[in-house]
Amino acid sequence: MLFRARALTQLAGGEYSAVYCDAEHFAEATDVGKLLRNDRILQGIPDGVVLLDSENTILWGNGRLSEWCGKKDVIGENFYRLLGTPEIMGPDFCPFHTALSTHELSDSTLRCSDNRYFRVHAAPLFEVGDEAPKNLVVTVHDVSDEVLQQQKLEAIHKAGTALADLTTSEISSYSVEQRIELLKSNILQCTEDILQL
């Protein structure tokens, strides 16, 4: 599989003058066009797609992860180190290991140090004749906007709950303007905590 991933990368990058295929592998050569088409499709999608080995080393990528990390070539890089060793937030705290060991899809959310969030889905890749998968196909979706929006909504809800925790006598002692200012203060405090200001 590693050879095929390298060959596909070179074919997609145009780093060749000719393609030679012996008679024994001629039937496989007809798949080259399909591989190139599939590679172009994968490069066009907004999510990152990478092929990982059992050590979480990137064997192939569609280029999106390179863009997000500001690195020209990610082949040979460790997936987690490339993202700055992000915090794994769950639900699966070892999604790649789980996918390889259970032979089933696993997913998780990662939080990077720059306050970016990525949702990863890892699927084992079975080769013909393999009993156990050696590689993973991992899709990476940037969910930063959704997570940060959800955190803001939770901060507003928390501020509202804090205001609702006041007793009736405490609320009645405040004027309408004071109640509004208290709510604003609670929202501001919760938002500052979330945005780490």
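Every read-out reported here was derived from the displayed coordinates using simple, explicitly stated rules and does not represent laboratory data. From a predicted model like this one, the values you see are computed outputs, not experimental measurements. FYI the Cβ positions are ideal-geometry reconstructions off the backbone, even for glycines, and counts take in every protein chain you see.
A few points about this structure:
- Estimated FRET transfer efficiency when R0 is 25 angstrom, pair residue 102-residue 161 (beta carbons, to 0.05): 0.05
- Point-to-point label distance, residue 148-residue 181, nm (Cα→Cβ direction, 7 Å offset): 3.1 nm
- In this label model, residue 172 and residue 73 are separated by 7.6 nm, measuring between points 7 Å along each Cα→Cβ vector.
- At full extension, residue 93 and residue 41 could sit 15.7 nm farther apart than now, given 0.36 nm per residue minus the alpha carbon distance.
- Computed from the Cβ-Cβ distance with R0 of 35 Å, the FRET efficiency linking residue 192 to residue 134 stands at 0.15.
- GluC sites (Glu not before Pro) lying in DSSP loop within the stretch 75-109, provided at most 16 other Cβ fall within 10 Å: 104
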